[in-house]
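The values are calculated or read from the model by the stated rules, or taken from the named source; none is laboratory data. Everything numeric here is computed off the predicted structure, so don't read it as measured data. Virtual Cβ from ideal backbone geometry, glycine too; neighbours counted across all protein chains shown. We work out accessible area using only protein heavy atoms, side chains counted, and drop any ligands, DNA or RNA first. Shrake-Rupley method; radii C 1.70, N 1.55, O 1.52, S 1.80 Å.
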Amino acid sequence: MGMLAGVFRGRPIDTIVMVVGLVGISMPVFWLGEVVNLLTQSRLHHTRSSRGCPRSLYAVHPLAVRWFKSLVFPWITLSILYIGIYARVLRSAIVEAQEEDYVRTARAKGPHRAASSLQARLRTSLIGFVSLFGLDFGALVGGGALLTEVVFGYTAWAS
């Protein structure tokens, strides 16, 4: 999303992508988790707890298909926030890289060089992106996913 918004800066697609990213950042994880639970509990959950989600399925068999399916919605719920953040960070890095001399030179040499300059811009932009990922991964493992686990009923001590 960030690359799309950065390449088409100032166009309607840029505005749409950034608004979607802002909405993703603005929704609290616990609220989004409850909404996802309400929308999916009658059709997609096989074993129900009091919240409508299966409890402690990964204690039964860690490689089961049912276990994997039961974690899809928590993964999506938890990723919505990070998708919005990373889209905004990547867009700003790509827009900043577009002003560099090597990008203007590549654009002046023709469309083939301009396409390769997109790869160079993306490569330059990924430095901050990967650094942010390292910080967010530490925060997520350190307790950020706990709220999502509680909402979906997947805490290890709940079984």
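Looking only at segment 81-109, which residues are open to solvent by less than 90 Å² (accessible area, probe 1.4 Å), within 24 Å of the chain's Cα centre (by Cα) and more than 13 Å from THR124 (Cα to Cα)?
Of everything in segment 81-109, those that are open to solvent by less than 90 Å² (accessible area, probe 1.4 Å), within 24 Å of the chain's Cα centre (by Cα) and more than 13 Å from THR124 (Cα to Cα) turn out to be LEU81, TYR82, ILE83, GLY84, ILE85, TYR86, ALA87.
Filter segment 65-108 down to residues that are within 14 Å of VAL36 (Cα to Cα) and of a type in the set (Gly, Ala, Ser), then give me how many there are.
Selection size over segment 65-108: 2.
Applying the selection to segment 110-130, what residues are basic (Lys, Arg) and surrounded by fewer than 18 Cβ atoms within 10 Å (Cβ to Cβ)?
ARG113, ARG123
Can you tell me which residue within segment 5-30, out of those that are at pLDDT 85 or above and either touching a Phe, Trp or Tyr at 6+ places or on another chain (Cβ under 7 Å) or more than 17 Å from ILE83 (Cα to Cα) (or both), is most open to solvent (accessible area, probe 1.4 Å)?
Per the criteria, the residue is ARG11.
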